[in-house]
Amino acid sequence: MTDATFDTSSRSAAPRVRSYWQSVGHRLSYDHVTLLFAGIILLVVLSAVFAPWLTSIDPNKPQMIARLKPIGTAGRWLGTDELGRDMLARLLYGGRVSLAMGLVPVALATLIGGFLGVVAGYAGGFVNTAIMRVMDVFYAFPSVLLAVAVSGMMGGGMLNGLLALTLVFIPPLCRISETATAQVRSLDFVEAARASGAGMGSVIVHHILGNVLGPVFIYASSLISVSVLLAAGLSFLGLGVEPPTPDWGLMLSALRQAIYIDPMLCALPGVAIFITSLSFNMVSDGLRQAMDVRQ
Amino acid sequence: MWLYALRRILYAVPIALGVSIICFGLVFLAPGDPLGSLLPPDASQADIEYLRGVYGFDRPLPVQYFDWLMRVASGDLGNSIQSGRPVLTEISHALMNTVMVSFGAVAIAFSIAFVLGTIAAYHLGTWVDRTVTGLSIAGVSVPNYWFGVVLVIVFAVEFNLLPAMGMGSGGSDNFSIFEWEQLKYAILPITTMSLVPLGVIMRNTRSAVADVLSQDFVQALRAKGLGEWAVARHTIRNALPQVLAVMGLQFGYLVGGSILVETIFNWPGTGFLLGKAILTRDVPVVQGVVLVLAICFVITNLCVDLIQTAVDPRIKRG
Amino acid sequence: MDAQLAMPAAAHFDAPAIPETGGGKAPRGSAAMPPMLVVKNLKKYFPVKGGLLNRKVGNVHAVDDISFTVFKGETLGVVGESGCGKSTLARLLMYLMQPDSGEVAFGGRAVGAKDGLPLRDLRRNLQMVFQDSYSSLNPRLPVEASVAYGPRVHGTSAAKARETARGLLGKVGLRPELFGPRYPHELSGGQKQRVNIARALALAPKMLILDEAVSALDKSVEAQVLNLLRQLKREFDLTYLFISHDLNVVQYISDRVMVMYLGQVVEMGPVDQIYNGPKHPYTAALLKSRLAMDPDDKIVTPPLTGDPPNPINPAPGCRFRSRCQFAEAICEAKAPALGAWANRASHVAACHMADPQSGHTRAGTSAHDALAEEAAR
């Protein structure tokens, strides 16, 4: 009928149509700094996962004769710790614990907090008030304090540490999720979806989630570096894994006694924590910039 | 505006109550009988029964909570299992020490960070800006407990300039910042603690000032013929409330989260007290410290909110 | 009179048709134009909170006791300034908001009532075209997915829904292969609005509510979209409720017009009668304040002065009296009623001047006559 007569632009050649995520990836490909740090993260993760293949030395085997050998010793390239264990091996295996303690709480908190936030944001009214006020109470604790208090009272250990950290991260993620959901919910296209007769579940899944996941994901990625730091901090205080399991925070604490003998050894675990945390921070920053730009 | 202030203060009350509930509930997180963690392991059966009656562990939970709350409100936070002294006394001494270093840390961080952040905002996109941004990211990525150890290595071990730990021979009652012999004990802890606030405030200042600079009224000021320094004064005045708010929050975080730094330096603050108490399972102290620190944080947030409302004319009053 | 509506030519799926009149209600109007939407005493108040404990201190009378009828096949224009309640009315009709009181009947069946029309069925027959804003389409979905969403919700398969969507995109003038996979931010305002229209048509509704559908568009694009709307109305046998603040647009597209002020209907009637002989002073003032194309025809005195009264807890009597040059004591004492209307050709106004028995000095005349009289002096 009158197909093409209205829109002259419809006759022009169509530009390449990119989906949202494709355009994000495209922008990221130009961001060399972020890519560099993403590469570092990959390196850290891979070296932790493939630790048994990277070193044949047992990280838990003490050798009192070879205690506190400095960096550069033949065969023990990064030196040995206060019980004679190989630093390189302990760093590699320690990465497993530290990364797990960094990633798992954030992932869990995103699921739980994100879900609660979407419910609170969509429902509004009493449900919203109830959920958000409870979150406010947890917000009233500084994160370190809450993590230490909860994991300390539960007796320490890796599992309790994970639980404590998850608890610490749920309120901020819930808040972000609720804000985003409430904002999206009031937009016209959500009303249009409801006007089509869609039920609550369909509206949330098809229209709200896609627009909420972005901010939540960015925020969660920025929390990973905090989680790595906090987890190592808990271990530093003795509230993390039990010795002799290697863990960067634990190693830092144990090697403090050795700073008068070989200070450089003590610096090593800290460097590992720093590099990991920094890389996650940079990548999260880069992601935020890539996802933020509207065309 | 007073209406808003009153409402805000009223709002803090249920939060504080919620905080107290969580603190009360901490005891029950401990594995095993809550009573077992309150008493030294060699307590006699009579002691156990007596304490059971006092704490009312045989009574229903809400009653227990209420009793505990009444005691706390009257200032009785129980006695430390380790030292036998009242918890409140121990905390009040320690709190002063923590507030001292936290305040010093935030003051130093603000002084440096505000200047650098403003400079970065004026030179957006240049190497100056990128350096500052990089520094601020580094500041929040460095584990401050590790940084403290590094400082100890450098200043105490290698060069023997500053003491590695403690608060000096005078103890906290005689501490004076005007005497070098005392002050030198505080320098490393303050420096270590200032790392994260430095990063956060620098970043915040940069974005706040950049935001203000991009607004039309700045162009208007320049068009009127105002010199750059005068424009800068106006800009800073507009960006300041937001940055001050962040500073206040950072202060709150430092006071509440000082345990790591204080452990490294054996600085006798609330964090150090908490750390010791956790290791020795001194539950009344743990409860008391967490409660006091959390309430302090609530009050800090409240003050920051109120000051911001008073200073920033854009926020709706009443 | 048809017992069943003819299915629109482009519909690709079978939707159960709603019988014209059920429930035994006698249709108003002429036999050829049965009433499609009947609104009775619709009210929506929004509470205003304040004070220390955020208690309710008053109500905003957003929609205050509105009654009207939309007949099948016509276009009813709704005009009024911002804040008069037009958009609230639209959302109430779509049941995106619950009314505080009143009744809406579609095709003779009361919505939400026990034996009346279920909400889901209302949604299949009454759809809304939103104002083109950045938020009218989901930025994360390609536009054909946005259009296909409605049918999918009602059970159509993905493939069929996409086919329907593409067909509709073609109908509104967008080549489906070209525009279907595009994202909203890649379209111009006019193109987005066409997508909005296609989305509204996806469920093959009988009636469309167009809420400021062309207000955000450039004039040239606006003309194109208006013509498209007229053409679609013929092709799909639709009924329109056209809400706008732009008087010229409403005149162009409407058969009848309803004028709203502060949540109430102040005048209603056929478009020519209203535009040539307005009975309510507000309507007259609105019409006078339109800018004419003739540069010599200047507006010397502002037709409308004063501020609209506070919509919170309005005072009794006529709400327009504070700005009306013909206001008298009777206007403060008694609120004028809209007047009974018999059929589509009726022209009524809520003004004491229009009512011969009101006691107003100019009772029995109209605002138009009164203004003409003033001008002649």
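Remarks
- With a 1.4 angstrom probe, the accessible area lost at the B-A interface totals about 3700 Å².
- Within the accessible area of the protein assembly as shown (1.4 Å probe), percent carbon and sulfur: 61 percent
- Point-charge dipole on Cβ atoms (K/R +1, D/E -1) for region B:87-311, about Cα centre, debye to 20: 540 debye
- Ranking B:I137, B:I295 by solvent-accessible area of protein heavy atoms (1.4 Å probe, all protein chains present), from largest to smallest, gives B:I295, B:I137.
- Dipole magnitude of the protein assembly as shown, debye to nearest 20 (Cβ charges: Lys/Arg +1, Asp/Glu -1, about Cα centre): 1520 debye
- Buried accessible area, chains A and C (both chains, 1.4 Å probe, Å² to nearest 100): 3200 Å²
- Once the C-beta distance of B:L226 and A:Q289 is scaled by a Förster radius of 41 Å, the resulting FRET efficiency is 0.80 to the nearest 0.05.
- Net +/- balance of residues flanking C:G263 in space, Cβ distance below 15 Å, scoring K and R +1, D and E -1: 0
- Dipole magnitude (debye, nearest 20) for chain C, charges at Cβ of Lys, Arg, Asp, Glu: 1140 debye
- Positive-end extreme of charge dipole, chain C - chosen from C:P281, C:A329, C:Q231 (charges on Cβ): C:Q231
- Dipole of the protein assembly as shown computed with +1 at Lys/Arg Cβ and -1 at Asp/Glu Cβ about the Cα centre; of A:M264, C:V265, A:L173, farthest Cα towards the positive end is C:V265.
- Helix A:32-49 and the long axis of chain A differ in direction by around 50°, with both axes built from C-alpha atoms.
- Positive-end residue, region B:87-311 charge dipole about Cα centroid, Cβ charges, pick of B:I137, B:A164, B:A239: B:A239
- Beta bridges by DSSP in the protein assembly as shown, antiparallel share as percent, to the nearest 5: 65 percent
- Burial here means at least 20 square angstrom less accessible surface with every protein chain in place than with the chain by itself, probed at 1.4 Å; in region A:176-208 the buried residues are A:L187, A:D188, A:F189, A:E191, A:A192, A:R194, A:A195, A:S196, A:G197, A:A198, A:H206, A:H207.
- Separation in nanometres of the label points that stand 7 Å from Cα toward Cβ, at B:I21 and A:M200: 2.3 nm
- Annotation: the antiparallel percentage among DSSP beta bridges lying fully within chain C is about 60.
- With a Förster radius of 25 Å applied to the C-beta separation of A:E242 and A:M64, the computed FRET efficiency comes to 0.75.
- Among the listed pairs C:K43/C:K192; C:K49/C:K86; C:K49/C:K279; C:K40/C:K279; C:K56/C:K279; C:K44/C:K334, those whose Cα-Cα separation exceeds 27 Å are C:K43/C:K192; C:K49/C:K279; C:K56/C:K279.
- Using the Cβ-Cβ distance between C:T361 and C:K49 with R0 set to 45 Å, the FRET efficiency from 1/(1 + (r/R0)^6) comes to roughly 0.60.
- Taking a span of 15 Å or more along the helix axis (Cα atoms) and a mean Kyte-Doolittle hydropathy of at least 0.0 as the rule, the DSSP H helices of chain C that qualify are C:143-153.
- Relative contact order of region B:87-311, taken over Cα pairs closer than 8 Å and 6 or more residues apart, is 30 percent.
- Accessible area per residue for region B:87-311 is 43 Å², calculated with a 1.4 Å probe on protein heavy atoms, without ligands, DNA or RNA.
- Inter-part distance where region B:54-120 and region C:188-263 are each reduced to a Cα centre, Å: 64 Å
- Sequence-distant lysines (8 or more away, or on other chains) whose Cα lies within less than 22 Å of C:K160: C:K171, C:K206
- Entry note, the protein assembly as shown: the mean residue ellipticity at 222 nm calculated from DSSP H runs of n ≥ 4, each adding -39500 (n - 2.57), is -17500 deg cm²/dmol after division by the residues and rounding to the nearest 500.
The values are calculated or read from the model by the stated rules, or taken from the named source; none is laboratory data. Bear in mind the structure is a predicted one, so any value in this text is a computation, not a measurement. Glycine also receives a Cβ, built like all others from the backbone with ideal geometry; neighbour counts cover every protein chain displayed. In case anyone asks, the SASA skips ligands and DNA or RNA and just uses the protein heavy atoms, side chains included. Shrake-Rupley method; radii C 1.70, N 1.55, O 1.52, S 1.80 Å.
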